[in-house]
Amino acid sequence: QVQLVESGGGLVQAGGSLRLSCAASGRTFSSYTVAWFRQTPGKEREFVAAIRWSGGSTYYVDSVKGRFTISRDNAKNVVYLQMNSLKPEDTAVYYCAASRVVITPQRAHYDYWGQGTQVTVSS
């Protein structure tokens, strides 16, 4: 069993930056893909970025390429999402998720989810 806890959300002006963290407990991420999703009211939860713990392969949705960076800290068992050049349309609740499947944007493949952290970008 993996427990995930997100942190780092908040309010930021457009053009600003935030770094989200996803900490795991219960077991290590060593055989998992870890991803960030986001959701706004009335919309489907959307894939944002993922990283394969072993090897570090990454995958991004087109709308965040060049602005967001997903990374991991092996020693701390933490995954980060560095978000730069934030836009109002990035406003959402951001969720961390873990999957035993190889890197994938498919929500159904993710077995474990955190509670989410709110990111609000003002214009």
- Could you pull out the longest piece of the chain with no exposed loop trypsin sites (Lys or Arg not before Pro) in it, calling a site exposed if DSSP puts it outside H, G, I, E, B and it has at most 15 other Cβ atoms within 10 Å? 1-26
- Residue-wise HN-Hα coupling along the stretch 22-28, computed from phi with Karplus coefficients 6.51, -1.76, 1.60 (Hz; x: Gly, Pro): 10, 9, 10, 9, x, 6, 7
- Task: Two decimals is fine: what's Rg over Rh for the stretch 29-88, C-alpha atoms, Kirkwood radius as Rh?
- Result: 0.99
- Taking the chain as a Gaussian network, where each spring joins two C-alpha atoms under 10 Å apart, which residue of 56, 15, 26 fluctuates the most? 26
- Share of accessible surface on carbon and sulfur in the chain, whole %, 1.4 Å probe and ligands ignored, is 46
- Search the structure for amide H atoms under 5 Å from the amide H of residue 2, placed 1.01 Å from N in the peptide plane, and list their residues when 5 or more places away or on another chain. none
- Which of the GluC sites (Glu not before Pro) across the stretch 1-110 are loop residues per DSSP, with 10 or fewer other Cβ within 10 Å? 44
- Task: Using the heavy atoms of the protein chains and a 1.4 angstrom probe, tell me the accessible area per residue for the chain in square angstrom.
- Result: 50
- Query: Label-point separation (nm) for residue 17 and residue 30, each offset 7 Å from Cα along Cα-to-Cβ?
  - Reply: 3.2
- Cα-based Rg / Dmax (Å) for the chain: 13.3, 40
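The values are calculated or read from the model by the stated rules, or taken from the named source; none is laboratory data. If you're wondering where the values come from, they're calculated on a predicted model, not measured in any experiment. Note: ideal-geometry Cβ built from the backbone for every residue, glycine included; neighbour counts use all protein chains shown. Remember, those area values only see protein heavy atoms, side chains included, never the ligands or the DNA or RNA. Shrake-Rupley method; radii C 1.70, N 1.55, O 1.52, S 1.80 Å.
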